[in-house]
Amino acid sequence: MPQKIIQAKKIFVIAAVLLIALNLYVFITAYPETYTPSPGITTSGSILAKDFSAYYVGAWRLWHNPPQIYHFGALGGTEPVTPPYPQAYKYLPSFLLIVSPLLTLNYQQALTAFDVVQFLFLPIMAYLIYNLVGSKHIIIGLLVMVIALLLPFPIGQWGLFPSYYWQWGEGQAKVFLTFLLLLSFYFGSKGKPVLSGVALALGFFDVRFGLLAIPLFVMYNRKNLKTAAASAIGSLAVSNIMLLYPGIGGGFVTMVFGSGITTPIYYYALIPFLTLMALIVANFKELVAALDYKGAFVSFTSTKQQAK
């Protein structure tokens, strides 16, 4: 292996260790926030349960009261209590299947476990990023890694890393989402289109970022695009089959055209958003080539005419 590549690997490893260590500090700083209902980063000033409450209560409703998954507010009865009331669930129902094992824990334990599991994804994300952009200039690779693993963004009272502070403090799912999308691109780059499609479908639970990921998905799967697309569409349909259950599909549509389309890009949402944008910029030439359907059509037409 050339010495230059070995040195680049060492730099990436050192950078990843430092970034994750800093993120651990952010995690520890944000941990007390998980216990305290607060206005969070909303502008209304209302005291709210943590964002994780939407996932936890939504998962419970999936198994006990499916038509009410997208109902905003507490329903009482035997459903979990997350004072003052649970946040609204705004994702595809497939995500609730992933969260469901956490129902074996109480709410606070489940939130902490969800944060810890996501934190453990960070070294894997560093590995995926290295494989996706390691062949680029080292500065490009390091910038993508900094954005994905720490995202420095100095803003007032929340210090240098507000995105990750609120990711951990709210029990948000944006690290898990970013991990799934990176995993999809990695599988595509390794010639495994079926797995790439499954990972994209799982990461499509937040539709906004699933749509944003499509150009990169096409690029990384350009050699096996039909298989990858079939896998993604099939997996997305199967994992969200519960939308056909009475009340769930209608609740999802009502949510999308109600509170869904007005949901702003909060600080934690910048983690997947800026990671995807950084990858798009880093692979701009490859993206243009992969998405150049006009050029492909001209080439195909020219070949066909020559054959005649």
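Below, the figures for the structure above:
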quantity: Subset tally (residues that are under 20 Å from LEU180 (Cβ atoms) and either in a helix (DSSP H, G or I) or of a type in the set (S, T, N, Q) (or both)) for region 55-107; calculated: 14
quantity: Among residues of region 235-255, those that are under 19 Å from the mean Cα position of the chain (by Cα) and either without any contact (Cβ under 8 Å) to a residue 12 or more places away in the chain or under 24 Å from TYR165 (Cα atoms) (or both), counted; calculated: 1
quantity: Candidate set: region 190-213, residues that are outside any helix (DSSP H, G or I) and within 10 Å of the chain's Cα centre (by Cα); chosen: the one surrounded by the fewest Cβ atoms within 10 Å (Cβ to Cβ); calculated: ASP206
quantity: The lone exception for PRO154 - which of (1) assigned to a helix (DSSP H, G or I); (2) surrounded by fewer than 17 Cβ atoms within 10 Å (Cβ to Cβ); (3) not small (Gly, Ala, Ser) it fails; calculated: (1)
quantity: Qualifying residue in region 276-283 (condition: loosely packed, with under 13 Cβ neighbours inside 10 Å, assigned to a helix (DSSP H, G or I) and aliphatic (A, V, I, L, M)); calculated: yes
quantity: Residues of region 70-120 satisfying the condition of being buried (at least 16 other Cβ atoms within 10 Å of the Cβ) and β-branched (Val, Ile, Thr); calculated: THR82, ILE98, VAL99, THR112
quantity: Output for region 215-269, where each listed residue is closer than 18 Å to LYS192 by Cβ, modelled with pLDDT of 95 or more and exposed (fewer than 15 other Cβ atoms within 10 Å of the Cβ); calculated: LYS226, ALA230, ILE233, GLY234
quantity: Failed item, numbered, when PRO66 is tested on (1) modelled with pLDDT under 95; (2) touching a helix residue (DSSP H, G or I) at 6+ places or on another chain (Cβ under 9 Å); calculated: (1)
quantity: Conditions (1) more than 22 Å from LEU48 (Cβ to Cβ); (2) part of a helix (DSSP H, G or I); number of the one not met by GLN167; calculated: (1)
quantity: Checking LEU128 against (1) surrounded by fewer than 20 Cβ atoms within 10 Å (Cβ to Cβ); (2) of a type in the set (A, V, I, L, M, F, W, C); (3) in contact with a helix residue (DSSP H, G or I) (Cβ under 8 Å, 6 or more places away or on another chain), the condition it does not meet; calculated: (1)
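The values are calculated or read from the model by the stated rules, or taken from the named source; none is laboratory data. What you see is a predicted model; the values in this text were computed from it and never measured. Every residue, glycine as well, gets a Cβ built from its backbone with ideal geometry; the counts of neighbours run over all protein chains shown.
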